[in-house]
Amino acid sequence: MFEGFDELRVEGEDGVRLRVRVGGEGPPVVLLHGHPRTHTTWHRVAPLLVAAGHRVVCPDLRGYGRSDKPATTADHAPYSKRAMARDVRAVMTRLGHRRFAVVGHDRGSYVALRLALDSPDAVTQLVVVDSVPIGEALARADAHFAQAWWHWFFFAQPERPERAILADPDRWYGGDADRMGAENHADYRRAIHDPDTVRAMLEDYRAGLTVDRAADDADRAAGRRVTCPTLVLWSTRDDMEELYGDVLAVWRPWATDLRGAPVESGHHVAEEAPDDLARAVHEFLSASSG
């Protein structure tokens, strides 16, 4: 897994150190995982992007995997997408990349969006997979959304989700070693069995319903938009179209240069359809560069 990549610990924001895999040469692109995965979810995609001529950086987001887990606060700000985005920018700068493309899946897509909004001077292109902005999702949170995405609201409760998950992490989260890849599955299992990681991952959701939503709503009210080329991808066997109908219509007010397409896959597209995902990302990055 990740043959030819280096595994590093690189300082992000406020002294938080992230576990990072780095490989390849060429235009830099950072890949941001979702919940409850670690950076190893990209183990099939990252080598394909390296082969296509990219410098690929895959961090564990703060709180996830083997990255640091800072103490939280009453407002959950240490686990905000803004804090995570600042980590990513700091890591990329320390690796020598002041401008780079960013790809985010699931929770990582919220970090990618926040990075593109807060640091337009750094982000050359944005790719988001299986998401709409947090503020948009919550603005549309009807009974159907609440039934389908109940975990957002459960994970935001104090203490109870930690007890439920840690009682039996494998049963709670599932995961198949054959489908995920044995080493990726082992890395993921180490994460979900670690109480500090589980607590930190839940702080991500608590921030989502509070400071992250406030940040999204403030940007929309101010008319801020992503100005770099933006690609939205969604899995055909996930529920993006069921929930939102025209996914691109939800994203259109957020980006000045928007395109998108479905990918034939379930939700964990980097593991289930890596060739299609890598191809879509590479073609977009090549077509929209410079």
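For the set Thr73, Thr41, the ranking by accessible area, highest first and with no ligand, DNA or RNA atoms included, is Thr73, Thr41 under a 1.4 Å probe.
Its DSSP H runs of at least 4 residues, each contributing -39,500 (n - 2.57), put the calculated 222 nm mean residue ellipticity of the chain at -12000 deg cm²/dmol, to the nearest 500. The Cα atoms of the chain define a convex hull whose projected area, averaged across directions, is 13.5 nm².
In this rough spin-label picture, where each label sits 7 Å from Cα along the Cβ direction, the Arg224-Thr210 distance is 2.0 nm.
Each Lys and Arg contributes +1 and each Asp and Glu -1, all at the Cβ; summed about the Cα centre of the chain, the dipole is approximately 780 debye. Pick from Leu231, Leu138, Leu117: which is most flexible by mean-square fluctuation in a GNM of the chain where alpha carbon atoms under 10 Å apart are linked? Residue with maximal mean-square fluctuation among Leu231, Leu138, Leu117: Leu138.
Highest mobility in the GNM of the chain, judged by mean-square fluctuation with C-alpha springs under 10 Å and restricted to Ala101, Ala215, Ala139, is found for Ala139.
A simple spin-label model places the labels of Glu159 and Leu138 2.4 nm from each other, with each point 7 Å out along Cα-to-Cβ. Placing pseudo-labels 7 Å out from each Cα toward the beta carbon at Arg279 and Asp6 gives an inter-label distance of 3.3 nm. Rolled with a 1.4 Å probe across the full set of protein chains, the surface gives Glu183 an accessible area near 110 Å². Stokes-Einstein diffusion for region 1-146, with the hydrodynamic radius set to the Kirkwood value over Cα pairs and evaluated at 37 °C in a medium of 0.692 mPa s, equals 214 µm²/s.
Probe radius 1.4 Å, ligands and nucleic acids ignored: give me the carbon and sulfur share of the accessible area of region 1-133 as a rounded percent. Ligands and nucleic acids excluded, carbon and sulfur give 46 percent. Given their separation in residues at 0.36 nm each and the Cα-Cα distance between them, Thr73 and Ser119 gain 14.1 nm when the chain is fully extended. Centre-to-centre, using Cα atoms only, region 15-73 and region 223-290 are separated by 19 Å.
The values are calculated or read from the model by the stated rules, or taken from the named source; none is laboratory data. All values derive from a computational prediction rather than experimental measurement. Quick reminder, even Gly has a Cβ in these numbers, built from the backbone with ideal geometry, and neighbours come from all protein chains shown. Protein only, heavy atoms only, side chains kept; ligands, DNA and RNA dropped before computing areas. Shrake-Rupley method; radii C 1.70, N 1.55, O 1.52, S 1.80 Å.
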